[in-house]
Amino acid sequence: MNWWKSLKGKVKQAEPLKNHTTFRIGGPARFFIEPSDPQDLKLLLGFAKKYNLPVFIIGSGSNLLVNDKGINGVVIRLGAPYFNRLSCKGSYLNAGSGVPLGKVIFFAREHGLSGAEFLAGIPGTVGGALAMNAGTVSRKTGARSIQDLVKEVTVMDYSGNIMTLQKKDIKFGYRKSSLSKYIILGANIKLAKADRGKITQRIKEYMGYRKSSQDLSRPSAGCVFKNPAGDSAGRLIDLCGLKGKRVGCACVSLKHANFILNLGRGRAADVIKLMKFVSRKVSAKFNISLTPEIRIWQN
Ligand code: EPU
């Protein structure tokens with residue numbers, strides 16, 4: 001039975017995931033599906049369970065390394081219009097989980113709402129950013145992450161039940177949250193009224209810092225490792241003299257040592273080898289064990 005034909009959303013088979021990750025790496029997904037709305041998503045989850053297909057959720061693919069063989073399962077992207085809605089009421093902003101963070105920031109600015117500027121330049125979606133509690137560290141403002149803005153988040157569990165979780169019901173940590181065990185459908189975030197000119201200025205500052213310190217010249221997944229407490233993984237890798245270190249087409253950036261770049265035909269296997277090499281060197285020199293920030297999909 002062609003179960004996928006009863007879905008309303010878009011279905012692709014053998015879809016190369018390298019076209020959906022900022023690393024430009026990843027083999028094909030057996031099914032790549034964009035459900036049209038929560039009912040369609042629930043139907044899809046039921047089929048996946050029935051046919052024993054593992055389910056993976058992809059946002060903008062910006063913090064993700066997909067193995068070279070691909071995914072023998074269902075990759076779901078919440079790209080349909082239902083999951084891309086944006087609205088605001090007073091100083092609250094409601095966003096579907098598929099909305100890119102950049103859109104949230106500019107929509108907020110148009111409505112004179114401030115608070116989300118620190119997310120400028122982070123290439124994720126609302127769902128991805130919440131699942132991993134995306135954020136920034138700045139000398140001026142210290143560490144900030146999306147948890148600071150959350151009021152409530154609507155999620156679906158893998159049995160298709162929809163719930164709205166209040167902030168107090170959600171556990172956030174450094175680049176992780178308890179939301180990652182659900183499929184995030186949308187969120188309500190709290191901002192504050194402010195002058196549009198000032199908001200624009202702050203967005204420019206965050207973007208400027210990112211452009212000056214990070215390597216955006218080649219495909220990558222941003223910072224590869226989490227920062228160890230009180231330090232920066234990039235600084236430690238740099239002190240090991242690893243900038244420019246290559247395995248195949250995977251290369252430690254010359255500009256920011258916590259970035260691994262895909263120089264062209266990068267393979268996940270090369271990135272993983274390079275990550276292991278970097279971890280071993282940092283551990284030998286500083287006795288600090290680095291943990292990946294990026295998600296690695298291998299099934
Ligand atoms: N540094 C070096 N060499 C390098 C890289 C950094 O010496 O090759 C030094 C810098 O000079 C600075 C310190 O390390 O003194 C920290 O560097 P940076 O300001 O670039 O911040 P980071 O800790 O490397 C974190 C986040 C970034 C976020 C920036 C800016 C993590 C793992 N990284 O980077 O997030 O954009 O702060 O707010 O939390 C990401 O999550 O993918 C990401 C890039």
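The values are calculated or read from the model by the stated rules, or taken from the named source; none is laboratory data. Small disclaimer: the values here were computed from a predicted structure and weren't measured. Note that we place each Cβ from the backbone using ideal geometry, even for glycine, and neighbour counts take in every protein chain shown.
Key figures for this structure:
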| quantity | calculated |
| --- | --- |
| Positions within segment 194-223 being in contact (Cβ under 8 Å) with a residue 12 or more places away in the chain and within 10 Å of the ligand (Cβ to nearest atom), in sequence order | 206, 209, 210, 213, 214, 215, 220, 221, 222, 223 |
| Qualifying residue in segment 282-296 (condition: near the ligand (Cβ under 9 Å from one of its atoms), of a type outside the set (Val, Ile, Thr), part of a loop (DSSP other than H, G, I, E, B) and surrounded by 21 or more Cβ atoms within 10 Å (Cβ to Cβ)) | no |
| Spans of strands (runs of 3 or more DSSP E) in segment 90-160 with at least 3 residues near the ligand (Cβ under 10 Å from one of its atoms), closer than 18 Å to residue 198 by Cβ and in contact (Cβ under 8 Å) with a residue 40 or more places away in the chain | none |
| Selection from segment 50-68 of residues that are in contact (Cβ under 8 Å) with a residue 60 or more places away in the chain and outside any strand (DSSP E or B) | 54, 59, 60, 62, 63, 67, 68 |
| Residue list for segment 254-277, filter: in contact with a helix residue (DSSP H, G or I) (Cβ under 9 Å, 6 or more places away or on another chain) and within 12 Å of the ligand (Cβ to nearest atom) | 255, 256, 257, 258, 259, 260 |
| Tabulated pairs, segment 271-299, first within 21 Å of residue 180 (Cβ to Cβ) and in contact (Cβ under 8 Å) with a residue 60 or more places away in the chain, second away from the ligand (no atom under 16 Å from the Cβ) and part of a loop (DSSP other than H, G, I, E, B), C-beta under 7 angstrom, 6+ apart or interchain | 297/67; 298/67; 299/54 |
| Test: residue in segment 265-280 that is assigned to a helix (DSSP H, G or I), of a type in the set (Ser, Thr, Tyr), surrounded by 13 or more Cβ atoms within 10 Å (Cβ to Cβ) and modelled with pLDDT of 95 or more | yes |
| Contacts under 7 angstrom Cβ, first residue in segment 228-243 being touching a residue at least 40 places away in the same chain (Cβ under 8 Å) and near the ligand (Cβ under 8 Å from one of its atoms), partner in a helix (DSSP H, G or I) and of a type in the set (A, V, I, L, M, F, W, C), 6 or more apart | 237/278; 237/282 |
| Residue 167 vs. criteria surrounded by fewer than 13 Cβ atoms within 10 Å (Cβ to Cβ) and closer than 30 Å to residue 36 by Cβ | no |
